[in-house]
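Notes follow once the structure below has been shown.
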Amino acid sequence: MNASKSMIAGGLASLIAMSLSMAASTSYAASNDTEKCAGIVKAGKNDCGTSKSACAGTSKMDRDAEAWIAVPKGTCERIAGGMVSNNPANQHGGAAAMKK
């Protein structure tokens, strides 16, 4: 009986911890404390569009100079190969969204 209660308590604690971490990362990503860091992303792991792709997860090669991910401000310049991107095509929909 004690093992059962222990497993339930552990499961609830894990669920609460996971929920809190997800809420924290969502609020952090929504804040203006991030920058678009290009040139460091693994293929298929980019956050949003570029002039070559329209959606997140569509970059075709590692370290594409246009593919970017959001990182905490000040982090990108500390990463080898990282470049802060202000390219207008780096948005949802990529370059195609700029034509609208």
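Which members of the stretch 79-94 meet the condition of being exposed (fewer than 13 other Cβ atoms within 10 Å of the Cβ) and modelled with pLDDT under 90?
86, 88, 92
Looking at the stretch 57-78 only, could you name the residues that are open to solvent by 60 Å² or more (accessible area, probe 1.4 Å) and touching a residue at least 12 places away in the same chain (Cβ under 8 Å)?
60, 61, 62, 63, 65, 73
The values are calculated or read from the model by the stated rules, or taken from the named source; none is laboratory data. Predicted model only: the values in this text are computed from it and were never measured. Neighbour counts run over all protein chains shown; Cβ positions are idealised from the backbone, glycine included. To get the accessible areas, we keep the full protein, side chains included, count just its heavy atoms, and leave off ligands, DNA and RNA. Shrake-Rupley method; radii C 1.70, N 1.55, O 1.52, S 1.80 Å.
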